[in-house]
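Undergrad: Pasting a structure here, questions to come.
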Amino acid sequence: MKVTRILTVTALSAVLAACATNDKVEKSVSAAQAETNKKFESVASQIEDLQTKQKATDTHLTATDQKVSELSQEAKDALKRAQEAGVLAKGKVVFQQTFSEDRVKFKSGSYDLDKEAKAALDDFAGKVKALTTSAAVSTTTISDSAAPMKGAATSPAAAAWH
């Protein structure tokens, strides 16, 4: 009988210990699942943000492509008008100069140029001043949507061409 009691107590202790261990495992698994779910939601949110940014970039790229196309057409139209005026057809063009956007670019809302841009325009002005015959200068410019600059009419760049 003593042996039966000892075995019963031992078996009962083992069962209770197993239950305690099982509860511990369930709590640990539950905590791990909660942490995994939290990380998953964070990643899902980041993916949604990236998709939103990608759509905005695609929209901006489409608008930029459209603007480039419009500007290209404007340049073609300007050349056609010059040809129709006879400037190119009569051989009066001594030289043509085109400045790319990255070479001569004003800061938004400003008429200040960096040293490289000033040098490029000074070189062009030197060529125009060296002409021995009268010349017409035609420009095509692109501006941003910033408000007009105060004093733009009396800017150093404008004064240099008068």
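The values are calculated or read from the model by the stated rules, or taken from the named source; none is laboratory data. These numbers were taken from a predicted model, which means no experiment stands behind them. Heads up, the Cβs are rebuilt from the backbone with ideal geometry, glycines too, and the neighbour counts pull from every protein chain shown.
Undergrad: Please list, ordered by first then second residue, the pairs with beta carbon atoms under 8 Å, 6 or more apart or interchain, first in the range 64-80 and surrounded by 11 or more Cβ atoms within 10 Å (Cβ to Cβ), second among the small types (Gly, Ala, Ser).
TA: Qualifying pairs under 8 Å: 78/138.
Undergrad: Exactly one of these conditions fails for residue 149: (1) in contact with a Phe, Trp or Tyr (Cβ under 7 Å, 6 or more places away or on another chain); (2) modelled with pLDDT of 80 or more; (3) of a type in the set (A, V, I, L, M). Give me its number.
TA: So residue 149 meets the others, but not (2).
Undergrad: Pick from 104, 68, 94: which is modelled with pLDDT of 85 or more and not charged (D, E, K, R)? Walk me through it before giving the result.
TA: Values: 104 fails: modelled with pLDDT of 85 or more; 94 fails: modelled with pLDDT of 85 or more.
Exactly one of 104, 68, 94 is modelled with pLDDT of 85 or more and not charged (D, E, K, R), namely 68.
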